[in-house]
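> This is the structure, below, for whatever I ask next.
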Amino acid sequence: MPWLRGKRILVVEDEALIAVMVEDMLTELGSEVVGPAATIDAAMALAREEAIDAAVLDVNVRGERIDPVAEVLIERGVPVLFATGYGEVRLASGAAATVIDKPYTQEKLARGLAAAMGVAPLGRRTAS
């Protein structure tokens with residue numbers, strides 16, 4: 001996925017094995033991983049301070065919803081991809097979200113990021 005090369009992707013995941021797996025997948029796709037963050041507080045700090053091109057967010061982090069982090073990123077114009085084992089996701093604002101179901105593969109991760117970032121498979125921007 002050439003369109004992911006050099007992109008800084010925030011990863012928020014509280015399960016260590018999943019975080020390592022996602023980090024490996026993104027690195028293989030040519031991305032630079034920001035984090036991973038395993039708590040809402042750590043994720044908030046990264047979301048506010050780091051240069052980020054997109055984010056992969058676990059919906060439930062140590063029993064807390066990821067919504068505050070997602071809202072900060074969305075306000076900054078950062079595309080967000082939610083990863084969950086719970087099905088459909090809606091933000092507190094009621095907005096729909098781009099979601100991939102756990103467990104997921106590298107291909108599903110790349111497709112989910114493409115959808116969130118508005119990028120076609122060949123790296124072209126899709127109409128918004």
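Quick note: the coordinates plus some simple rules give every number you see, no bench work behind them. Here the structure is a predicted model, which is why all the values come from computation and not from measurement. Every residue, glycine as well, gets a Cβ built from its backbone with ideal geometry; the counts of neighbours run over all protein chains shown.
> Hey, can you grab everything whose amide H is under 5 Å from the amide H of Val119? Only 5+ residues off in sequence or another chain; H modelled, so Pro and N-termini drop out.
Here Thr126 satisfy the definition.
> Once label points are set 7 Å from the Cα along Cα→Cβ at both Glu49 and Ala16, what is their separation, rounded to one decimal in nm?
Distance between the two pseudo-spin positions: 2.3 nm.
> Which ³J(HN,Hα) values, rounded to whole Hz and listed in residue order, are derived for region 98-110 from phi using the Karplus coefficients 6.51, -1.76 and 1.60 in 6.51 cos²θ - 1.76 cosθ + 1.60 with θ = phi - 60°, glycine and proline given as x?
Going residue by residue, I get 7, 10, 10, 8, 7, x, 10, 9, 4, 5, 5, 4, 4 Hz, with x marking Gly and Pro.
> Work through the residues other than Ser31 whose Cβ is under 14 Å from its Cβ and net out their charges, Lys, Arg +1 and Asp, Glu -1.
Its environment carries a net charge of -3.
> Between Lys108 and Glu64, with labels modelled 7 Å along Cα→Cβ, what's the label distance in nm to one decimal, could you check?
2.7 nm
> Follow-up question, since we're still on this one. Hey, what D do you get for the chain in µm²/s if you plug the Kirkwood alpha-carbon radius into Stokes-Einstein at 37 °C and 0.692 mPa s?
It comes out at roughly 229 µm²/s.
> Pairs of alpha-carbon atoms within less than 8 angstrom and 6+ residues apart define the contacts here; what relative contact order does region 2-90 have, in percent?
Relative contact order, region 2-90: 29 percent.
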